1. Please state the shape class of chain A: rounded when a/c is under 1.5, otherwise prolate if a/b exceeds b/c and oblate if not, all from the C-alpha gyration tensor.
2. How far apart, in nanometres, would the label points at residue B:11 and residue B:29 be if each is projected 7 angstrom from Cα along the Cα-to-Cβ direction?
3. Please work out how much accessible surface residue B:99 shows to a 1.4 Å probe, ignoring ligands, DNA and RNA, in Å² rounded to 10.
4. Between residue A:84 and residue B:82, what is the spin-label point distance in nm, taking each point 7 Å from the Cα along the Cα→C-beta axis?
5. Counting only the backbone N, which residues of segment A:114-137 are under 13 Å from the spot 7 Å out from the Cα of residue A:99 toward its beta-carbon?
6. Buried by at least 40 Å² relative to the chain on its own: which residues of segment B:1-45 qualify, computing accessible area with a 1.4 Å probe on protein heavy atoms?
7. Of all accessible surface on segment B:39-137 at a 1.4 Å probe, what whole percent is carbon and sulfur?
8. Provide the percentage of antiparallel DSSP beta bridges, counting only those with both residues in segment A:46-137; round to the nearest 5.
There are 2 protein chains.
Amino acid sequence: MGDTYAIDPDISREDAFAYWFAPKNHTYIAEAGSGILGTYALRTNRTGGGSHVSNASFMVAPAAHGKGIGRAMAEHCLSEARRLGFTAMQFNFVISTNEHAVRLWKNLGFQIVGTLPRAFRHPGKGLVDVYVMFRTL
Amino acid sequence: MGDTYAIDPDISREDAFAYWFAPKNHTYIAEAGSGILGTYALRTNRTGGGSHVSNASFMVAPAAHGKGIGRAMAEHCLSEARRLGFTAMQFNFVISTNEHAVRLWKNLGFQIVGTLPRAFRHPGKGLVDVYVMFRTL
């Protein structure tokens, strides 16, 4: 808990839903007969002169980890972002110790364009670096 | 208009006030006998494990440009951020063509820790790079 997103782990159920399904978000659910496998939210990263750059957040259900759901959602997300007219995608806060995510984003064409020194207090590892990752679409 | 912040230049007066005076913000006003010289908003850049890093936005009244108001507010802001317990400050979106701001932040100890390629559509210059700037407190 609290080791992948800069969100208060004690966020209420209501606030979590409001955050994930915010009106500005395009929110998607990956599901199979057995239930929900994951979800992602796609949005404009900045308004005004920055509105051509998209941003997205992903969550995979614990029972569905290791089955390629994250990659499948990410590929769908990149496709949706292009369809919506975005010309780039930016991740603002990829925690460096989240090696699985960093590797996946690199495999999908993202580059580390910035490093925020010790910008995340990891519950087990203390202060760790955070990456800003970016790719054009 | 629209060449320094990634905010829709057509934002309504109400939305602009709501943005600047958001409940999560510490908003300050610099004033003299003659009126308001500038304002800044100081806030947590991220919640949860990122909450030790602050963020701030600044505006100087057009009639007060070139009088050191920006620098004075920035120094006050860094002091306030320390007083509130923050251990770093991050600017997420410093437009590279805003040379005055880039120079001021560098003079005040900020470093460019990331470059977002062509992430801002400048009204006169087309797509230009954007910097992420950071300093510890």
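1. Rounded shape, in that the Cα axes give a/c under 1.5.
2. Label-label distance for residue B:11 and residue B:29, simple model: 1.8 nm.
3. Here the accessible area works out near 120 Å².
4. 4.2 nm
5. No residues fall inside that zone.
6. B:6
7. 50 percent
8. Numbers: 14 of 16 bridges.
Roughly 90 percent of the beta bridges in segment A:46-137 run antiparallel, per DSSP.
The values are calculated or read from the model by the stated rules, or taken from the named source; none is laboratory data. Quick caveat, the model's predicted, so the values are computed rather than measured. Here the Cβ is made from the backbone with ideal geometry for all residues, glycine too, and neighbour counts use every protein chain on show. Ligands, DNA and RNA are stripped out before the accessible areas are found, and what is left, the full protein with its side chains, is counted by its heavy atoms. Shrake-Rupley method; radii C 1.70, N 1.55, O 1.52, S 1.80 Å.
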